[in-house]
Each structure stands twice: as C-alpha cells, then as structure tokens.
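**Q** Following this message is one structure expressed as structure tokens.
Just so it is clear, none of the values below were taken in a lab; they were calculated from the coordinates. Please read all numbers here as calculations on a predicted model, not as lab measurements. Methodologically, a virtual Cβ is constructed for each residue, glycine included, from the backbone with ideal geometry; neighbour enumeration extends over all protein chains shown.
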Amino acid sequence: MEIKQFFEKVWSDYILVTPQAEQINQLFLWKYGNALNDHVAFRTFNLNPMAIEELEHFFFEMDYSFDKEYKFAEKKLYARSYTHPDELMPIIFFSQLLTEQVSQKSQNVISNLVRQIKKESVRDPSFFYSGLGWEMPTYDEYLTLLKESEYAAWLSVMGMRANHFTLRVPSITEALDLVESNRFSLNTSGGRVKGSPELLLEQGATLADCMIVTFKDGIKQTVPTCYYEFANRYFDQSGRLYRGFVTSSADKIFESTNQGEI
C-alpha cells in the first residue's frame, strides 16, 4: 500500500472514534496554516499473529527503518519506533503488552481474544485500521484486564487502530493553551508538559474521547477511545532534529486513555 494512502486510511478510522482530533486539526490549520503529523502510535499484544515482530514488516515495505526500542517496566510494555527517510513522514511508535507479565486470569482473557483473529486479516496493512478482530469481551473480562492493565483493557475494546496521532508544534505551551482555551481537556499526569528542551522533546496530550460500547454480555458502558498529542522537537548538538522519544514522558502520555473509578 502507498504510504500516504495508508495514513489517510488510519486517520479516517481514528477520527471515527476521536471526533476531537478532526476539530483540533482544523483549529491548528486555521491558526498556523499547517498541521504536520509528528508521529502515529499503535498498541498491540505480544502474541502471534499481532506481535510487533509479526507486523513491523509492513512498515519496512513502506521504506521505514527501525530506530530505537523502549521499555516501560511498570506498565509491562515494550515499544519500538520507526523513521522514514523523508522527515515529513510521521514517525511510527509501536508498543505491545508483555502478556506473560500479567496474571494468568488476564492472560486467559487476552489469549481468547487473540486466537479469534483470522490469519488472512493480518496479510495486509489494513490490519492497522481494522478495529476489533475478535468478539467484544464480557464486562467482567474487561474489568479483569482493567484492574491490571489499562492498556490491555483499552486494546480489548478498541482493537487495532491508531491510539493517537501527534501534531508537531513550534511551542508546546502555546499549543496546549490553544487546545485548552477551546475546551478540550488535557492530560496532566506528570505535568501539563512532559519533557524539556534539555531532553530535546516536549510533549502534551488531550484526554481521550469516550464512547458507549456494548459488551458481549449486553452490558453497556462508556470507555475511553483515542486522544491527540502535541510534540515540540529540538535539534541535537549535531544539528539534527531529535526523532526519538523520552521514556519517562511517554509513560505519562500512555495515561491519556486512563479512566476514573467505574
């Protein structure tokens, strides 16, 4: 699949469950005249056929290269980033839950979901915007995951799609002020701004949109969907724009899909 078509498809799916993103994108186009996409993030489980190692070849086929790896011990996550030779193309941030590190009860729920994925569905990059490849879990199964891993619970009801897109901005505080002044709620976990110029990256994000889902047992509940992120990147000592991520900041960005007590 041609790279621009791929991201157009991913974006179209993303805004179906993240209406704030389209509104914010238009807001930045009006304010600055452009809206450069810094990176796109995907979530997955480290189980075949949806593990990173099974899916990253689609990025390589679109001329992306592996860049760096990241570990999030507390959240039981592993991630890789991929960059394109055309620096106007978004960076890809692909993370996965290390399922062997959660309880056997949660592992059973996750395994039951993943085994429902049809093999033919992962033969095409459209898998990255395919949504649920399994039956919706029961509400009890969702709560089982939520008690251990918000990440796993989110993935169980949202499936394969962009977790967030990210606007590259010249000033993180100005961007967040603009977003907040237009009544979008921000993720303040770890501070309104995560990172610093010294770390070569400053980030901020909205809180995820929400939608009502019907679980397998008929229970209806509101769950978080996806969010919009903002990134201000700095040049390193060699004069190159920093294209990596700061683990401590990304750890807090993950919490944009957290929800309160339910």
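**Q** In the Gaussian network model of the chain, springs joining C-alpha atoms below 10 Å, which of 151, 242, 129 carries the largest mean-square fluctuation?
**A** Per the Cα network of the chain with a 10 Å cutoff, 242 tops the list.
**Q** Given the stretch 75-134 reduced to its alpha-carbon atoms as identical point scatterers, what log10 I(q)/I(0) does the Debye formula return at q = 0.12 Å⁻¹?
**A** The Cα Debye sum returns log10 ratios of -0.44.
**Q** What net charge do the residues around residue 180 carry, taking every other residue with its C-beta under 12 Å from that of residue 180, with Lys and Arg at +1 and Asp and Glu at -1?
**A** 0
**Q** For a quick protection proxy, order the peptides 65-76, 33-44 by their average other-Cβ count within 10 Å, most packed first.
**A** Put in order of decreasing packing, that is 33-44, 65-76.
**Q** Still on this structure, please answer the following. If you take the charge dipole of the chain about its Cα centre, with +1 on Lys and Arg Cβ and -1 on Asp and Glu Cβ, which of 144, 226, 62 is farthest toward its positive end?
**A** 144
**Q** Evaluate the Debye formula for the stretch 1-105 with equal point scatterers sitting on the alpha carbons, no solvent, and hand back log10 of I(q)/I(0) at q = 0.11, 0.14, 0.23 Å⁻¹, in q order, two decimals.
**A** For the requested q values the scattering log ratios are -0.43, -0.67, -1.29.
**Q** Which values of log₁₀ I(q)/I(0), to two decimal places, follow from the Debye formula for the stretch 50-169 at q = 0.09, 0.22 Å⁻¹ with a uniform point scatterer at every Cα?
**A** Relative scattering, expressed as log10 I(q)/I(0), comes to -0.27, -1.39.
**Q** Give me the extension gain from residue 61 to residue 130: residue separation times 0.36 nm, minus the current Cα-Cα distance, reported in nm with one decimal.
**A** Net length gain for the segment: 22.9 nm.
**Q** Let me ask you something else. Any idea what the relative contact order of the stretch 139-262 is, in percent, if you count C-alpha pairs under 8 Å spaced at least 6 apart?
**A** 28
**Q** Name the aspartates and glutamates eligible as straight-distance cross-link partners of residue 147: C-alpha to C-alpha under 13 Å, and not fewer than 8 places from it in the same chain.
**A** Straight-line reach from residue 147, under 13 Å: 261.
**Q** Something else: Dividing the convex hull volume of the Cα atoms of the chain by its residue count, what figure in Å³ per residue is obtained?
**A** Measuring per residue, one finds 124 Å³ for the Cα hull of the chain.
**Q** Now for a different question. Roughly what angle does helix 3-17 make with the longest principal axis of the chain, taking Cα atoms, 0 to 90 degrees, to the nearest 10?
**A** 70
**Q** For the pair residue 121 and residue 238, how long in nm is the line joining their label points, each one 7 Å along Cα→Cβ?
**A** Rounded to a tenth, the inter-label distance reads 4.1 nm.
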